[in-house]
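Visitor: Pasting a structure below so you can have a look.
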Amino acid sequence: RGFTYRYPDASAPALAELTLDVEPGSFVVLAGDSGAGKSTLLRAACGLVPHFHGGEAAGEIEVGGLDVRGAGPSELSAVCGAVFQDPESQVVMGSVRAELALALEHSGAPPAAVARGVEEVALALGIADLLDRQVDTLSGGELQRVSIAAALVARPALLVLDEPTSQLDPVAGDELVWLLRRLNEQWGTAVLLAEHRLERCLPAADRVVALDGGRVAFDGAPADFLDWAVESRPVLATPLARLFSTAGLGPLPVSVREARRRLRDAGLLPADSGTISSTILDSPCWAGVGQDGAEAGRGRRIRRRASAALELRNAWYEIPDGPAVLRGIDLRVGPGERVALMGRNGAGKSTLLRLARGLIEPTRGRAEHGGEVALLMQNPGDYLFHEHADEEVGQGGLEIAGLAGRGRANPRDLSGGERQRLALEIVLGGGRPAVVCLDEPTRGMDRAWRAGLVRRLRDLAGAGAAVLVATHDGELAAELAERVVLLGRGEVIADGAAAEVLAGGWYFTTDVARALDGAAGALTSEEGARLIERELVR
């Protein structure tokens, strides 16, 4: 009720006169730009704001019947479980089993109840096979699931999550959202989930709350939210909503399933099968769709440049007394190439980037590069060391990162997307590296800043840097990459032009391509809309 919060040294409040009710058992998605107040609201719900971050708070906030400003973190943890953008910073125990048992042991539960609770939450989250693993051996996606299980093990009334799918591959991300929906329905746990990749979670949501400047800008059903977003805040619209809006079709679909049904109703997909209409594929007016503009190379194999900025030759990386993480990798990236590295969790993407940077050496084979390699890993907090943001990169770097005027802010009080942009400028250091490697760079980043990231990386490539980005974000791969390399269990299983690898797929692709069955290599909303518009005219 009228809750306002300002971080220490901040010039403006992160939450301003916020009034919001989250009903028991509801599933609410928080939308908004980076810095809109989503993470701060989640921190307030579990007591980190103001108890940990300090600052100034006014108004009332109550969670599970407890006054947040009066109750302590231990009391609040019994009614509100929380998982934030950097789950690696939340894990405190050595093994997965010990991590899950911790909350129950602290509550005084008897050993039998602790064992049962750990087993049940591990089964619910699909991590039973990880119980006896050490947490420092887990992939980012596995660690994220463990953190969610630890937050749920005490059966809190409310679960708050900040970008929970950001480190998960497409299959695991979809599974996690629907797992949260199932737990929401079966256990009655209310879910408050902040996410930038709204297309993943809108189909599971009862309600969407959009924040802008710490205030509620929209509060309603997912379908109504898409109508509002297209009209009032296009950057928040999902790719499918933008596809339909640009093509002049309606109503706007919340899910791929709805999109395909409405395309069938419009005669653009055959009613008796799941494949795109043959008239679309055969029509000569589709020549060049998805291949114009900056991506003229789409639809054909990218010509490899003679020199190499980065080259791996039969590179293996084997853990002593453990598995081989990389298996005979042959990869050549030329100066100026933009390559997306994709694959399931545990496929070896992060290990390949570490090897490219020289943080680890191949146990067999060779890794060579033609100059300095800049590497930004998944956790931007690892790159932040100073009290104020301007001490990290200076005013010039702040402006490039879109943080002008935020120089005196503590970097750890920035939103996840803001920290990501700041960390990128730190690793670039104002120089011109031969290779730029990024690991899940859109984690915590809204669509507007993702577009800015694409421009930044295109500029770096235009200046001659090879760009290698490990990502689960199909939209990012479609907008940025000339070439996609797909890993499976440490091996290269596909390497080709973006449309060759992404179009026609179901998981390693975009929602637009899924809705259109990869017709004519259309991967983005704009490409798909042009295809639909021309077919309707024809």
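The values are calculated or read from the model by the stated rules, or taken from the named source; none is laboratory data. Please read these numbers as outputs of a predicted model, since none were measured by experiment. Reconstructed Cβ throughout: ideal geometry from the backbone, glycine too, with neighbour counts over all protein chains shown. Side chains included, ligands, DNA and RNA excluded: accessible areas come from the protein's heavy atoms. Shrake-Rupley method; radii C 1.70, N 1.55, O 1.52, S 1.80 Å.
Visitor: Counting DSSP beta bridges with both partners in the chain, what percentage is antiparallel, nearest 5?
Guide: 45
Visitor: Using per-residue counts of other Cβ atoms within 10 Å, averaged over each peptide, order 378-384, 483-489 from highest down.
Guide: The peptides rank, most packed first, as 483-489, 378-384.
Visitor: With a ≥ b ≥ c the root eigenvalues of the C-alpha gyration tensor of the range 320-409, is it rounded (a/c under 1.5), prolate (a/b larger than b/c) or oblate?
Guide: prolate
Visitor: Further question on the same structure: Ignoring any ligand, DNA or RNA, what whole percent of the accessible area of the range 306-388 comes from carbon and sulfur when the probe is 1.4 angstrom?
Guide: C and S fraction of accessible area: 47 percent.
Visitor: Suppose every K and R has +1 on its Cβ and every D and E has -1 on its Cβ; what is the size of the dipole of the chain about the Cα centre, in Debye to the nearest 20?
Guide: Once rounded to the nearest 20, the dipole reads 1380 debye.
Visitor: Which one of 428, 462, 388 has its Cα pushed farthest toward the positive end of the charge dipole of the chain, where Lys and Arg give +1 and Asp and Glu give -1 at the Cβ?
Guide: About the Cα centre, the residue reaching furthest to the positive side is 462.
Visitor: On to the next question. How do the peptides 258-265, 181-188, 521-528 rank, highest first, by the average count of neighbouring beta carbon atoms within 10 Å per residue?
Guide: So the peptides 258-265, 181-188, 521-528, ranked by packing, come out 521-528, 258-265, 181-188.
Visitor: Right, here's the next one. Counting only protein heavy atoms, what percent of the accessible surface of the range 484-535 is carbon or sulfur at a 1.4 Å probe?
Guide: 46
Visitor: What does the C-alpha gyration tensor say about the overall shape of the range 380-423? Classify as rounded when a/c is under 1.5, otherwise prolate if a/b is larger than b/c, or oblate.
Guide: Rounded, since a/c falls under 1.5.
Visitor: To continue, here is another question. Where does the charge balance sit around residue 25 when Lys and Arg score +1, Asp and Glu -1, over other residues with C-beta under 10 Å from its C-beta?
Guide: Every neighbour counted, the sum reads -3.
Visitor: Continuing with this model, one more query. Rounded to a whole number, what is D in µm²/s for the range 1-124 from Stokes-Einstein with the Kirkwood radius over alpha-carbon pairs (4 °C, 1.567 mPa s)?
Guide: The estimated diffusion coefficient comes to 79 µm²/s.
Visitor: So how far, in whole Å, is the C-alpha centre of the range 306-372 from the one of the range 417-494?
Guide: Centre-to-centre (Cα) distance: 16 Å.
Visitor: Going highest first, how would you order 385-395, 493-503, 456-466 by mean Cβ packing within 10 Å?
Guide: 493-503, 456-466, 385-395
Visitor: Separate question: How much net charge surrounds residue 491 when only the other residues with a Cβ under 13 Å from the Cβ of residue 491 are counted, with Lys and Arg +1 and Asp and Glu -1?
Guide: Summing Lys and Arg as +1 and Asp and Glu as -1 gives +2.
Visitor: While we're looking at this one, here's another question. Cα gyration tensor of the range 90-140, axes a ≥ b ≥ c as square roots of the eigenvalues: rounded (a/c below 1.5), prolate (a/b > b/c) or oblate?
Guide: oblate
Visitor: Can you compute the FRET efficiency between residue 178 and residue 90 using 1/(1 + (r/R0)^6), with r the Cβ-Cβ distance and R0 = 30 Å? Round to the nearest 0.05.
Guide: Working from the Cβ atoms, E equals 0.85.
Visitor: If you don't mind, another one. I'd like to check one number: the per residue accessible area of the chain, probe 1.4 Å, reported in Å² as a whole number.
Guide: Averaged over the residues of the chain, the accessible area is 40 Å².
Visitor: While we're looking at this one, here's another question. What whole number of Å gives the distance from the Cα centroid of the range 200-214 to the Cα centroid of the range 215-247?
Guide: Centre-to-centre (Cα) distance: 10 Å.
Visitor: For the range 26-182, what % of the accessible area comes from carbon and sulfur atoms, probe 1.4 Å?
Guide: Roughly 54 percent, rounded to a whole number.
Visitor: What order do 137, 471 take when sorted by accessible area (1.4 Å probe), most exposed first?
Guide: 137, 471
Visitor: Please turn the phi angles of the range 12-21 into ³J(HN,Hα) values with the Karplus equation 6.51 cos²θ - 1.76 cosθ + 1.60 (θ = phi - 60°), one per residue in order, whole Hz, x for glycine and proline.
Guide: 9, x, 7, 10, 10, 6, 7, 10, 7, 10
Visitor: Using only Cα atoms, what is the ratio of the radius of gyration of the range 407-538 to 2.2 N^0.38 Å?
Guide: In units of the globular-protein estimate, the range 407-538 measures up at 1.20.
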